[in-house]
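Structure first, then comments.
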Amino acid sequence: MCGVCGIVSYGSPPDLILLRRMMGRLGHRGPDGNGYYRDRHAALGHTRLAIIDTSGGAQPLCNEDGSVWVTFNGEIFNYVELGAELRGLGHTFRTASDTEVIVHAWEEWGQECFARFNGQWAIALWDRRAERLVLCRDRLGVRPLFFIRLPTGLLFASEVKSIFADPSVERAFDPAGLDQTFTYWSPVAPRTVFRGIQQLEPGHYAVLDRDGFRKASYWRITFPERGREPGQDARENAEALRERIIEAARLRFVRSDVPVGAYLSGGLDSSVTAAVISRYTDAPLHTFSLRFSDSEFDEGRYQKKMSAMLGTQHQDIVVSASDIAAVFPEVIWHAETPILRAAPAPLFLLSKLVRENGFKVVVTGEGADEVLAGYDLFREAQVRLFWSRDPESAKRTRAAELLYPWMVRSPGRIPAFARSFFARHLDPGDPALSHRPRWDSTSAIKNMLSGHLRDEIGRARAEDVVARMPPGSEEWDPLSRGQWLEMTTLLAGYILASQGDRMLMANSVEGRFPFLDRDVVDFANALPARHKLFGLEEKYLLKRAFADLVPDDIIHRPKQPYRAPDAASFFGAECPSWFDEAMSRQAVATAGVFEPSIVAGLLAKCERSGGENLSNTDNMRVLAVVSTQLTYKSFIVQGGSGSSERPLSDPSVAVDLVTDDRSLP
Amino acid sequence: MNRDIVEQVLRDYEASRCPDADPELEAVRAAILIEDVFDVVLSDAEIDPVVFADTSAVEALIARRRGAV
């Protein structure tokens, strides 16, 4: 895990001072070293978090004759196998790193090499002879990669703040990016919330050369036609899934030259990954957990049970609402986007705990909910479809009680709930049936937007993500369509970004995700939908596959979504000093995103209640405004410079062919 | 979908049943599964604890409904 950045210019040579400034903004991603390469048309920068071949894997790194250079963030977990194959084909390696596999694989297989990689990556390859830049991002968007097209070339980086190190780059919000954020929870690649800044789509590579700029996919999220799935036997599929998850977790634990820890949330997914590591590897396991002082959010009981059962060295951190408020500006500096939940903040504090304990790699359970159908959203869609087959049926209405046990205790609330839950946006033929309720409730944020921004959004016309669903998806199971939408929007844009990479890398910690392994995802996507969501039982096959490794009460406990105190974080007795300044009527008017009078009304409502007992919509509204105001200040006003920036040490790789031709290897 | 799969699904459903739950609600739970997996639509009369208490009765119900399509 590292930070990457670079400049391609077909005009004057790239500015080395700018490149170093861009690298300086990525110091948190790579505190163990840095390096650069420059020739007349390209400059590549790298800040290193040394994990594999810690003594020999410095970057940028080149092939045998120095014609292909790479700067790389991530891991290619099958690099040992690929390296052996490439050596057999005559390639000579100078290091034992996964990075070097990339340049030789590119030489050997060209763009076909990306489909061979099993890992998580953001790659920039520079082919000197062809004067060609190739950017590539992993299948599901674990690692970030941003770029901006310029008249004479392009800037790219792991984080937007690095691109903003160039003072000539415009700093403004992108109306369509904001519109998507306030609908889908995040912009959908290639969009970002910043005008002109794009992110490379997961599963894609891009090429820039003198013929221009173009993109293509090397992998797509896809599912078989319903009823034509290759394996129909649940027992066989459970065994095959288990094998793949064990191998994925094992690879992520052993393919590291530094110790690897694991997150333990108390839920099924991280319990499975920790249990697998504990059972199938020899090294002692260190686990880390997040706890909350508010018992509504705390899962400490299950975390302790699992760590005791596995005999791990366990550490946890207890987070309060005021802790969240205190770090929130720093969280937004790292997230680089408005967010609708405070949940990333505790994860920022958790990765800090990991780092303070000497670890820089953790395995986590991220991705299982999307890949194996764990979210309530999928169960809700199942119930809504069931109801829609006979809306007049009293028996069918009772299905909601299976999702929400509170109904049994409050029968008087059922009719009103049923009207809003079942009857809105319920078209069985709608490919986004699963997601309309969420998008609808999120869009309530847009009632607060300023008139000016509303006009701009109307003109910008953000892309409708449903229109991007692939041909043939109408033949998929409805669950598969929901999974496609979830992986394309929330997983890549929020879970792996604001709640994932950014909160981990803020403290120089790499996350590894067995459930997002290439072979696990390809296998899971080909499963019959009923093996993932069996009636209303979520993650059915995962539970079945690991019933012997995880205690019954963790396997069968009702799913508890990861949540943290939201608005309540900012309206308690210890309201931080930054809050009033960021949320003042003047500051809101200056940012121009929200209507100051509406924000003032929302704040007054929150102050009366101390931020407690607000509706889901009001909680999202508060978080949207606070995080947007902080994003505006940190990036539009201050251009991404921040107190978290670190000075660069002397580079371990310094190749400058513009001033010194002898510096070729 | 062949008979083996029908039997397998019903076996797996049996194994996952919650014996202490409200019988009518369990019938709704079973109906959600049966309709989803077998592409059938049940009537209110068929969403009944008595029907779902007997695997062979469910099998017959599915066959009847599929035949009716």
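Values in this text are rule-based calculations from the coordinates and carry no lab data. This one's a predicted model, so the numbers in the text were calculated from it and none came from an experiment. Don't worry about glycine lacking a Cβ; one is built from the backbone with ideal geometry, like all the others, and counts go over all protein chains shown.
So what's the gap between the Cα centers of segment A:592-665 and segment A:2-58, to the nearest angstrom?
23 Å
Mind listing the phi-derived Karplus ³J(HN,Hα) values for segment A:502-514, rounded to whole Hz, using 6.51, -1.76 and 1.60 with θ = phi - 60°, and x for any glycine or proline?
Per-residue couplings from phi come out as 5, 6, 6, 6, 4, 10, 6, 10, 8, x, 10, 10, x Hz.
What distance in nm separates the simple spin-label points at residue A:580 and residue A:563, each placed 7 Å from Cα in the Cβ direction?
3.1 nm
Taking Cα pairs under 8 Å and at least six residues apart, what relative contact order does segment A:2-221 come out at, in percent? Before the final figure, lay out the partial values.
Values: 493 pairs, mean separation 42.0, N = 220.
So the answer I get is 19 percent.
Using Cα-only point scatterers and the Debye equation, what is log10 of I(q)/I(0) for segment A:306-451 at each q in 0.17 Å⁻¹, rounded to two decimals?
-1.10
What's the average, rounded to a whole number, of partner chain beta-carbon atoms within 10 Å of each residue's beta-carbon in A:378-390? Walk me through the numbers on the way to the answer.
Values: counts 0, 1, 0, 0, 4, 2, 0, 3, 9, 1, 0, 5, 5.
Counting other chains' Cβ atoms within 10 Å and averaging over A:378-390 gives 2.
If you bin the C-alpha pair distances of segment A:567-637 every 10 Å from 0, what whole percents do you get?
21, 57, 22, 1
Say each of residue A:590 and residue A:548 gets a label point 7 Å from the Cα, pointing the same way as Cα to Cβ; how far apart are those two points in nm?
For residue A:590 paired with residue A:548, the spin-label model returns 6.4 nm.
Give me the percent relative contact order of segment B:3-68, please, defined on Cα pairs under 8 angstrom at least 6 residues apart.
RCO, segment B:3-68: 32 percent.
For residue A:305, list the aspartates and glutamates whose Cα falls under 18 Å from its own Cα; do not include residues on the same chain fewer than 8 positions away.
A:269, A:316, A:548, A:552, A:553
What's the ranking of A:5-15, A:156-166, A:271-281, A:578-588 by average number of surrounding C-beta atoms within 10 Å, highest first? Kindly include the intermediate steps, with their values, before the conclusion.
On the way: A:5-15: 20.2, A:156-166: 25.5, A:271-281: 22.7, A:578-588: 16.3.
Averaged packing, sorted descending, gives the order A:156-166, A:271-281, A:5-15, A:578-588.
Work out how much length residue B:53 to residue B:39 would gain on full extension: take 0.36 nm times their residue separation and subtract the Cα-Cα distance, in nm to one decimal.
3.0 nm
Gain in length, residue A:519 to residue A:608, computed as 0.36 nm per residue apart minus the alpha-carbon separation, to one decimal in nm? Walk me through the numbers on the way to the answer.
Values: separation 89, 0.36 × 89 = 32.04 nm, distance 5.16 nm.
That works out to 26.9 nm of additional length.
At 222 nm, what helix-only mean residue ellipticity would chain A give, in deg cm²/dmol to the nearest 500, using -39500 (n - 2.57) for each DSSP H run of four or more? Don't jump to the answer; show the numbers that get you there.
On the way: 28 runs with 254 residues, N = 665.
Roughly -11000 deg cm²/dmol at 222 nm, from the helical runs in chain A.
For q = 0.14, 0.20, 0.25, 0.26 Å⁻¹, what log10 I(q)/I(0) does segment B:3-68 give under the Debye formula with an equal point scatterer on each alpha carbon and no solvent?
-0.35, -0.73, -1.19, -1.30
For segment A:149-183 and segment A:263-304, what is the centre-to-centre distance using only Cα atoms, to the nearest Å?
Cα centres, segment A:149-183 to segment A:263-304: 37 Å.
Cα-Cα over 24 Å: which of A:360/A:559; A:532/A:559; A:304/A:559; A:215/A:539?
Working: A:360/A:559 29 Å; A:532/A:559 15 Å; A:304/A:559 18 Å; A:215/A:539 35 Å.
Distance filter (> 24 Å) returns A:360/A:559; A:215/A:539.
Across peptide B:29-42, what mean number of C-beta atoms from other chains lies inside 10 Å of a residue's C-beta? Can you show the working numbers first?
Values: counts 7, 1, 6, 11, 8, 1, 6, 12, 5, 1, 2, 1, 3, 6.
Across B:29-42, the average partner-chain Cβ count within 10 Å equals 5.
Roughly speaking, what % of Cα-Cα pairs in segment A:534-665 are separated by over 23 Å, rounded to a whole number? Working shown, then result.
Values: 5206 of 8646 pairs.
For segment A:534-665, the fraction of Cα-Cα distances above 23 Å is 60 percent.
Points 7 angstrom from Cα along the Cβ direction at residue A:389 and residue A:573: gap in nanometres?
5.5 nm
Along the Cα-to-Cβ line of residue A:149, 7 Å from the Cα, sits a label point; which residues in segment A:183-198 have backbone N less than 20 Å from it?
In segment A:183-198, the label zone of residue A:149 (backbone N under 20 Å from the point 7 Å along Cα→Cβ) covers A:188-198.
Calculate the FRET efficiency for residue A:420 and residue A:108 from the Cβ-Cβ distance with a Förster distance of 56 Å, rounded to the nearest 0.05. Intermediate values should be presented prior to the final figure.
Values: r = 57 Å, r/R0 = 1.02.
So the FRET efficiency works out to roughly 0.45.
How large is the helix-only mean residue ellipticity at 222 nm for chain B, computed as the sum of -39500 (n - 2.57) over DSSP H runs with n ≥ 4, divided by its residue count, in deg cm²/dmol to the nearest 500?
Details: 4 runs with 48 residues, N = 69.
After summing the helix terms and dividing by residue count, I get -21500 deg cm²/dmol.
Counting pairs of alpha carbon atoms under 8 Å apart in space and at least six apart in sequence, what relative contact order in percent does chain A give? Display every interim value, and only then the final one.
Values: 1262 pairs, mean separation 131.5, N = 665.
Computed over chain A, the figure is 20 percent.
Hey, could you get me the Stokes-Einstein D for the protein assembly as shown, Kirkwood radius over alpha-carbon pairs, 10 °C and 1.306 mPa s, rounded to whole µm² s⁻¹? Kindly include the intermediate steps, with their values, before the conclusion.
Working: Rh = 26.9 Å.
Here the translational diffusion coefficient equals 59 µm²/s.
Just want the ordering: A:4, A:103, from fewest to most Cβ atoms lying within 10 Å of their own Cβ. Write out the running numbers ahead of the final one.
Details: A:4 33, A:103 26.
Ordered from fewest to most neighbouring Cβ atoms within 10 Å, A:4, A:103 come out as A:103, A:4.
What's the FRET efficiency of residue A:65 with residue A:356 using the Cβ-Cβ distance as r and R₀ = 41 Å, to the nearest 0.05? List each step's numbers first, then the result.
Working: r = 44 Å, r/R0 = 1.07.
Calculated transfer efficiency: 0.40.
Would you please classify the overall shape of segment A:2-221 from the alpha carbon gyration tensor, given that a ≥ b ≥ c denote the square roots of the eigenvalues, rounded means a/c under 1.5, and beyond that prolate means a/b larger than b/c while oblate covers the rest? Let's see the in-between values first.
Numbers: a/c = 1.59, a/b = 1.37, b/c = 1.16.
Verdict is prolate for segment A:2-221.
Mind checking which aspartates and glutamates have their Cα closer than 19 Å to the Cα of residue A:446? Skip sequence neighbours fewer than 8 apart in that chain.
In chain and number order, the partners are A:174, A:179, A:455, A:456, A:463, A:464, A:566, A:595, A:618.
From other protein chains only, count the Cβ atoms within 10 Å of every residue's Cβ in B:15-27, then give the mean.
Values: counts 1, 7, 0, 1, 0, 0, 1, 4, 0, 3, 6, 1, 2.
So the per-residue partner count for this stretch is 2.
In degrees, nearest 10, range 0 to 90: what is the angle between the Cα axis of helix A:414-423 and the longest Cα principal axis of chain A?
Tilt relative to chain A: about 40 degrees.
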